[in-house]
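Rule-based calculations on the coordinates, nothing more; no lab input. Because the structure is predicted, anything quoted here is derived from the model rather than measured. Because the Cβ atoms are built from the backbone with ideal geometry, glycine has one as well, and the counts that use them run over all protein chains shown.
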Amino acid sequence: MLENSESKRLRIRAHHLFCIQGFQGYGYSLAFVANMRAVIADLEASPSRPLELVSECDAICVSCPSKRECSAQESVLSRTIRHMDLLVLDKLEMEEGSVIGANEAFRLINENLNNASDIEDVCGNCKWRQKCLWYMQREK
Ligand code: SF4
């Protein structure tokens with residue numbers, strides 16, 4: 001369950017800064033969707049909440065049915081998703097573990113990575129591309 005506190009740091013995978021903005025109710029399970037909605041509602045209620053940008057399981061992954069496989073450091077899934085996070089961090093010239101207000105994080109994403117090339121780099125293999133507003137609104 002998401003802890004609702006405006007000042008409490010929330011761990012977010014870097015590539016989830018894209019996914020949060022593309023979410024329109026689809027997901028891996030009902031629990032995953034409910035948790036995703038809760039994370040988004042929390043950030044809407046506390047737009048400056050500090051985010052710790054990570055490349056591992058985060059506040060969204062906790063309700064994912066693939067969490068165990070994704071948490072296994074050497075699994076293909078784990079490496080693939082971690083690569084997406086590291087790409088976003090690299091493109092933002094930020095270190096893993098950086099802490100930044102959510103509104104500032106989204107501003108940086110939207111000003112610097114809001115183009116089809118960067119999005120294709122990060123989202124190219126995602127199975128949700130045709131359900132994701134972030135991707136669909138920017139694909140070539
Ligand atoms: S296409 Fe996939 S990885 Fe990219 S923002 Fe959408 S849900 Fe996230």
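In plain terms, the chain from residue 56 to residue 110 could stretch by 17.2 nm, reckoned as 0.36 nm per residue minus the Cα-Cα distance. Taking amide hydrogens as placed 1.01 Å from N in the peptide plane, the amide H of residue 10 sits under 5 Å from those of 51, 52, each at least 5 positions away in sequence or on another chain.
Computed extension length for residue 73-residue 125: 16.8 nm, one decimal, from 0.36 nm per residue of separation with the Cα-Cα distance subtracted. Only one residue of 78, 94, 65 has its Cα farthest out toward the positive end of the dipole of segment 43-140, where Lys and Arg carry +1 and Asp and Glu -1 on Cβ, and that residue is 65.
Whole-Hz Karplus values for segment 124-137 come out as x, 10, 6, 6, 9, 4, 7, 10, 10, 4, 4, 6, 5, 7 Hz, taken residue by residue from phi with 6.51 cos²θ - 1.76 cosθ + 1.60 and θ = phi - 60°; glycine and proline positions read x. Most mobile of 91, 67, 127 per a Gaussian network model of the chain (Cα springs, under 10 Å)? Most flexible of the set in this elastic network: 127. Computed extension gain for residue 9 through residue 29, at 0.36 nm per residue and net of the alpha carbon distance, reaches 4.7 nm. The Cα center of segment 93-140 and the Cα center of segment 52-70 differ in position by 17 Å.
Largest GNM mean-square fluctuation across 14, 31, 105, computed for the chain with C-alpha springs under 10 Å, falls on 31. Remark: segment 24-41, residue by residue, has Karplus-estimated 3J(HN,Hα) of 9, x, 9, x, 6, 6, 4, 5, 4, 5, 4, 5, 4, 4, 5, 4, 5, 4 Hz, where x stands for each Gly or Pro and the curve is 6.51 cos²θ - 1.76 cosθ + 1.60 at θ = phi - 60°.
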